[in-house]
1. Percent of Cα-Cα pairs per 10 Å bin, from 0 to the last occupied bin, for region 170-256, please list those.
2. To check my understanding: the extent here is largest minus smallest coordinate of the Cα atoms along each principal axis. What are those three numbers for region 421-509, in Å, largest first?
3. Under the definition of Cα pairs under 8 Å and six or more residues apart, what whole-number percent is the relative contact order of region 191-333?
4. Which one of L254, F315, P645 has its Cα pushed farthest toward the positive end of the charge dipole of the chain, where Lys and Arg give +1 and Asp and Glu give -1 at the Cβ?
5. Hey, what does the equivalent ellipsoid look like for region 471-515, semi-axes from the Cα gyration tensor as sqrt of 5 times each eigenvalue, largest first, whole Å?
6. Count the lysine pairs in region 354-415 whose Cα atoms lie under 20 Å apart, taking only pairs 8 or more positions apart in sequence or on different chains.
7. With the calculation restricted to Cα positions, what are the radius of gyration and Dmax of region 206-313 in angstrom?
8. With +1 on each Lys and Arg Cβ and -1 on each Asp and Glu Cβ, how big is the dipole of the chain about its Cα centre, in debye rounded to the nearest 20?
Amino acid sequence: MKKLSHGCTLDCFDCCKFNIYVDKNEIVKIQGDKEHPYTKGFICKKGLAHLDRLKHRERIYSPMIKINGEWKEISFDEALNIMAEKLKYYKNKYSSKSILYYEQYGNGALLKSMGDLFFNFYGGVSKSKGGPCWSAGIKAQTYNFGDVKSHSLDDMINSKTIFVWGKNPAFTTIHTMQSIKKAKSNGSKIVVIDPIYTKTAEMADKYVRIKPNGDGALALAMGKIIIDKNLYDRNYIKSYVNGFEDYKNYVESLNLEDLIEICGVSKDDIEELVMLYTNKYSTILLGYGMQKYKNGGNTISLVDILGAITGQIGFAGGGINYANKVYPNVIDSDPYNSEKSCENRFFYVSHMADFINDSLLGRDFYDDDKVYLKDASLDKESKKYNTPIKMSVITKSNLLNQLANLNNLNDAFSKVEFKVCFDMFMTDTAKECDLFIPTTSTLESEDLIYSSMTSPYIIYNEKAVEPKNELMDEYEFFKELAKRVKLDNYPYVDKQEYLSKVIEPLKKFNDEVDIEYLKNNYFTIHKPVAWEDKKFKTASGKFEIFFNESLYLENNNKKDNKLSFKLLTCHSRDTLSSQHMMDEDGISVAYINEEMARKLSFNEEKIVTLRNHNGEIRVNLKIDNSVADFIVLMYVGWWTKHGNPNYLTDSGVSDIGGQVTYNETEVEIDFAV
């Protein structure tokens, strides 16, 4: 029996290291690598489910074409010919930008994204910016620090207080949770700030319930008290921070009572948070839900500023931990310079439906960066392509499940003439397409994987078992497609050669690094304390304070007599997005607390309709007192057949970064089903 190296490719903070045990081209078991410095032998059920998905009864192994609404199996040769002819036809008639290419986080392995590079070599197409996950916060931290870095999990042992802000590691990052427990047993205090009393909150020393989108107001209230009580670090600010005086003037102009009303946290609690946080060194772990609002980037920046003005950036036990982009700017993920072969145009993910519709109507306009301008006036400064979207290619994404305002997106998507989906299963997205290309499981693919969220290790994935057809591997499929489309400059090389070029820059950290080395060793270039040298990657070399000075000048909380609820869609313990929900029976589940149920004259589990201006779904409504007032909680991943909350969610765009603003959604509950 062979033991092979592999890393989990799910869109997760932890990127766990597996040992895969194989006998006669059959996987016997998957185990967490006990020797790995990050994984330490334990993995979650989502990681173990890779084996279930590999052998799932609903898995598709043959390409299919839709004819008169019915799927028909075809060969890979036929599928390649169909796709090649479509690509040549649309490029010749409408230009390469008539192709919409979309991928997201369905598989994090590097070579699963070869479609993106293929379409660069093809000449450039229409691609997305921003996204459904972390975009506003990434942009904010880049403005503040110049890059996005986090401390190692082990550094929490040095923290006097650990603030878990809008994050539920008990469900979403089990290794973070283990480190929190270890730090707590060593004497660190744990503070959880969240609208939901989460499983993580259950083990905290202090839980602070905050209103949805109250995080920026809370950060400002803390900043105001820190300044009022002279708890800021003047020497640190003088040496390493730009923009403090403007920030100080801003917070001094704000009314503390207004901030308290907006965030829903009492003055006593805020003062206690300040006392705990300014007792150096304390660390903050930020979740992604708090930036899924229109002001999401501003919110993350306001929390970052707390770390800067108290002098807690660059020291053991401190830091603001949002994401950890160790490798993207180091490795060469495009070693054959595909970007030189193309001119892409772009649209924000939130604007995909409008972009498709406007392109078909010939009224799509673009800024100087070739980004689609929604609701653009017909002025001379806007660029116009006059190129309709005629074909779409979807990889690594169940976008007609995961993106917002699905009624609107489905309608726009249906107007695209020819749609191709790459997947293992007939997902909600695949059902709406015209050509289906089956793909490999991660267990059938040689690849590289790393996380840009928490785990700092890069992992070489050995192919554990052979796929039924070599062309199920996206790397091989797009290489063959490139031949048929006659892309002369495409890299017609095997995976080993390609990956060797990708990791070549790592040799400056360790000249022994190659594929074989990564297969047999644990490798990271991460430093345990982010920004320890205080050399920020901004233009000034300092931490840059930025904020929207037009926000929070007064309390604009809406007050009306209508009993509406904020819809929060969070990640559960059992599934990552939609991948593990296909076998669930019945309808989706939503939760409100007992007090809200009383207001609705509701006292037991019941089938209800949730509705708003975007649509409606039927759900099984349950009572759960972990949920705050005027909130409906649902977990993500439900399919259309269950009642997907994304038929209700708003497809707005954040202030910076292009984040989808899911958490702006409000719904009403109707008991007349």
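1. Whole-percent P(r) values from 0 Å outward: 15, 32, 29, 23, 0.
2. For region 421-509, the Cα extents along the three principal axes come out at 47, 36, 25 Å.
3. Working: 164 pairs, mean separation 39.8, N = 143.
In percent, rounded to a whole number, it is 28.
4. Ranked along the dipole, the leading option is F315.
5. Details: eigenvalues 152, 25, 7 Å².
One finds semi-axes of 28, 11, 6 Å for region 471-515.
6. The number of close lysine pairs in region 354-415 is 9.
7. 13.0, 35
8. Details: 86 positive and 95 negative charges, 105 e Å.
Dipole size: approximately 500 debye.
The values are calculated or read from the model by the stated rules, or taken from the named source; none is laboratory data. All figures in this text were calculated on a predicted structure; none of them were measured in a lab. FYI the Cβ positions are ideal-geometry reconstructions off the backbone, even for glycines, and counts take in every protein chain you see. For accessibility, only protein heavy atoms count, side chains too; no ligands or nucleic acids. Shrake-Rupley method; radii C 1.70, N 1.55, O 1.52, S 1.80 Å.
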